[in-house]
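The values are calculated or read from the model by the stated rules, or taken from the named source; none is laboratory data. In this text, all values refer to a predicted model and were calculated from it rather than measured experimentally. Neighbour counts run over all protein chains shown; Cβ positions are idealised from the backbone, glycine included. Remember, those area values only see protein heavy atoms, side chains included, never the ligands or the DNA or RNA. Shrake-Rupley method; radii C 1.70, N 1.55, O 1.52, S 1.80 Å.
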Amino acid sequence: LPVGDVIVSGEGSRDERLIADVAAQLGLPVAPAAPLGSLDASTVDGDHDPHRYTVAAGLALGAAA
């Protein structure tokens, strides 16, 4: 099936220039993923960026499934 859009995650997904560059290169809409998906990002300490925990959260949820 053809790809219709791209979702990026991780710490770099906050970089609007990066997202715009990827979209231009691919010719597809590109958007950042919610940093922790359906988990409550408000529980992350204010000194920490929830985008840094995307992979860890995904792995933890996958292990629980």
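Table: residues versus (1) part of a loop (DSSP other than H, G, I, E, B); (2) farther than 19 Å from residue 11 by Cβ; (3) touching a residue at least 24 places away in the same chain (Cβ under 8 Å); (4) under 12 Å from the mean Cα position of the chain (by Cα).
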{"residue": "25", "(1), (2), (3), (4)": "no, yes, no, no"}
{"residue": "39", "(1), (2), (3), (4)": "yes, no, no, no"}
{"residue": "54", "(1), (2), (3), (4)": "no, no, yes, yes"}
{"residue": "62", "(1), (2), (3), (4)": "no, yes, no, no"}
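Taking every residue in segment 1-21 that is open to solvent by 80 Å² or more (accessible area, probe 1.4 Å) and pairing it with any residue that is at pLDDT 95 or above and aliphatic (A, V, I, L, M), at least 6 positions away or on another chain, the pairs with Cβ-Cβ distances below 6 Å are 5/28.
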